[in-house]
Amino acid sequence: MWSVLLFGLAGLLVGGVVSFRKQRLPNWTWISFGILAAAALVAAYLLTLSA
């Protein structure tokens, strides 16, 4: 269950990355969202391994 929520969160964060880059916001905003999305994907993957 948690892995599904984390995959969904990662999808929202990736959407934020695309949106922030399109709006030409400072680099630290979309880079930080990208790092959070990658962390959510790794956490979701690790949760699927333990199940």
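The values are calculated or read from the model by the stated rules, or taken from the named source; none is laboratory data. Because the structure is a prediction, the values reported are computed rather than measured. No Cβ is skipped: glycine too gets one built from the backbone with ideal geometry, and neighbour counts run over all protein chains shown. Accessible surface is based on the protein model in full, side chains and every heavy atom, while ligands, DNA and RNA are left aside. Shrake-Rupley method; radii C 1.70, N 1.55, O 1.52, S 1.80 Å.
The protection proxy used here, the mean number of other Cβ atoms lying within 10 Å of each residue, ranks peptides 33-44, 16-27, 1-12 as follows, highest first: 33-44, 1-12, 16-27.
Just the protein heavy atoms count here, and of the accessible area of the chain at 1.4 Å, carbon and sulfur take up 75 percent. Computing mean projected area of the Cα convex hull in nm² for the structure here picks out one of (1) 4.2; (2) 3.0; (3) 3.7, namely (2). Per residue, the chain exposes 76 Å² of accessible surface when a 1.4 Å probe is rolled over the protein heavy atoms with every protein chain present.
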